[in-house]
Amino acid sequence: EYHPDWERSGRKTAYDLIAVYKGKLLINMDSQAPNRAAWEWMSGRDAPFSLVDLRREVTHGDSRFDLAFSPEDPDGSRTEAFMEVKGVTLEENGVARFPDAPTERGVKHLNELARCQADGYEAAVCFVLQMAGMKDFAPNDRTHPAFGDALRQAAQAGVRIMARECIVTPDSLTIGAAGPVL
């Protein structure tokens, strides 16, 4: 994406990398797109929860989570919920993997989500697969085993683990179907 005023605005480059082709697979590389796509998805009628009061960048405990909201239970009661969004750009043989590099911050977020769940809040992590056609999503234990361990512990603690494929075009990223989580 070209930015004609890049010099005046203090940018170091005139372009942003938005997407790449890996063979025939188009992968969105915009690191800010997954949070925008998740916000749009959670704001729409295809959201996985019936919710109210959707907010961005909410601090709780020692973490700032990407989204917070109040899911509405069938009885009309509400419980505060926190969601962390992780953009996934790594593909290996049809399997989307996260992370592509060690992420101590990611481990911290998973541990904090598990604490939220233990404290009576709802908690979820949504892996936004910035590509389509994946067979599965799995933690990248080879690159960061501690993240995979933290993800499995969070799941055991009741944190909802979601993977969502995206519809990717050269200039858009839209959340699509749910994908299997290994």
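A few notes on this one:
- Measuring nothing but protein heavy atoms, the accessible surface of the chain at 1.4 Å probe radius is 48 percent carbon and sulfur.
- Taking every C-alpha pair closer than 8 Å and separated by at least 6 residues, the mean separation divided by the residue count of the chain gives a relative contact order of 19 percent.
- Share of Cα-Cα pairs in segment 88-182 lying beyond 23 Å, as whole percent: 24
- Cβ-derived FRET efficiency at R0 25 Å, Gln156 paired with Arg45, nearest 0.05: 0.20
- In this simple spin-label approximation, Asp75 and Ala132 carry label points 7 Å from Cα along the Cα→Cβ vector, and these lie 4.2 nm apart.
- Across the alpha-carbon set of the chain, the Rg to Rh ratio works out to 0.99, Rh being the Kirkwood radius.
- Inter-label distance, nm, simple model (7 Å from Cα along the C-beta direction), Ala14/Tyr121: 4.5
- Distance between segment 1-38 and segment 147-182 - C-alpha centres, whole angstrom: 22
- Site pair Lys24 and Thr174 shows an inter-label distance of 2.2 nm when each label is modelled 7 Å from Cα along Cα→Cβ.
- Cα-based helix-to-principal-axis angle, 145-156 vs the chain, degrees rounded to 10: 40
- 1.4 Å probe accessible area per residue over the chain, in Å²: 54
The values are calculated or read from the model by the stated rules, or taken from the named source; none is laboratory data. Remember, predicted model here, so these are calculated numbers, not experimental data. Note: ideal-geometry Cβ built from the backbone for every residue, glycine included; neighbour counts use all protein chains shown. Surface areas here come from the heavy atoms of the whole protein model, side chains and all, with no ligands, DNA or RNA. Shrake-Rupley method; radii C 1.70, N 1.55, O 1.52, S 1.80 Å.
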